[in-house]
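Everything below concerns the one structure shown next.
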Amino acid sequence: MKKLVAFLLALGVFACGAYSAVGSAEAKTTQAAEAKAQKDLETARSRLDAFLKKHVDRCNLAVRPCKTQPAISKRDGKFVASYISLDPASISTEVLPSESRHFQYIARVKYVENHFESVAATKEEALKGPFHRVKSRRLTEIARYVKGAWSL
């Protein structure tokens, strides 16, 4: 009988130890998963910053009218040269995990689009400037992170 009690006690101690080892292993797995998720998020944020810098530069060159090719119109007998430019200093982002199975993260991207004009008596003078900001718009876009790359 004493051997049976000793055996049962030993079994109970072993079972409790095995249970705590399983819990410890699950905790380590959870911590590793959280660390990987944090690293993935940091990678996504750094890639978003690089993507947005290139995107804004590309937009400032490609959007028409742009600084290098302003639009010319006539208003009240004067020539008006105007163009649109995105302000890279105004960009703010917020990266969020996505609930979609199609992409891992989404980012809320906010920036300012500025409209510039120069008014002069001749077309050439209007093109020379100086250009003054006449209007600004605050825009928000949603970017997607798919297979390690951002897109708008």
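See the values below:
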quantity: Lone unmet requirement of (1) over 18 Å from PHE51 (Cα atoms); (2) open to solvent by 50 Å² or more (accessible area, probe 1.4 Å); (3) touching a residue at least 12 places away in the same chain (Cβ under 8 Å) for PHE116; calculated: (2)
quantity: Candidate set from region 39-76 (those that are in contact (Cβ under 8 Å) with a residue 12 or more places away in the chain and in a strand (DSSP E or B)); member that is nearest to ASN114 (Cα to Cα); calculated: CYS66
quantity: Residue within region 83-99 that is in contact with a strand residue (DSSP E or B) (Cβ under 7 Å, 6 or more places away or on another chain), modelled with pLDDT of 90 or more and outside any strand (DSSP E or B) present; calculated: no
quantity: Qualifying residue in region 59-73 (condition: open to solvent by less than 50 Å² (accessible area, probe 1.4 Å), under 26 Å from the mean Cα position of the chain (by Cα) and under 23 Å from GLY148 (Cα atoms)); calculated: yes
quantity: Only listed residue being open to solvent by less than 40 Å² (accessible area, probe 1.4 Å), aliphatic (A, V, I, L, M), under 13 Å from the mean Cα position of the chain (by Cα) and on the phi < 0 side of the Ramachandran plot, chosen from ALA126, ALA50, ALA107; calculated: ALA107
quantity: Considering residues of region 119-152 that are small (Gly, Ala, Ser) and at pLDDT below 95 only, the residue farthest from ASP49 (Cα to Cα); calculated: ALA121
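A quick yes/no check of all residues on (1) charged (D, E, K, R); (2) surrounded by 15 or more Cβ atoms within 10 Å (Cβ to Cβ):
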{"residue": "PHE79", "(1), (2)": "no, yes"}
{"residue": "ILE91", "(1), (2)": "no, yes"}
{"residue": "SER100", "(1), (2)": "no, no"}
{"residue": "GLU141", "(1), (2)": "yes, no"}
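The values are calculated or read from the model by the stated rules, or taken from the named source; none is laboratory data. Just so we're clear, the structure is a prediction, and the values are computed from it rather than from any experiment. Because the Cβ atoms are built from the backbone with ideal geometry, glycine has one as well, and the counts that use them run over all protein chains shown. Surface accessibility is based on the protein's heavy atoms, side chains included, excluding ligands, DNA and RNA. Shrake-Rupley method; radii C 1.70, N 1.55, O 1.52, S 1.80 Å.
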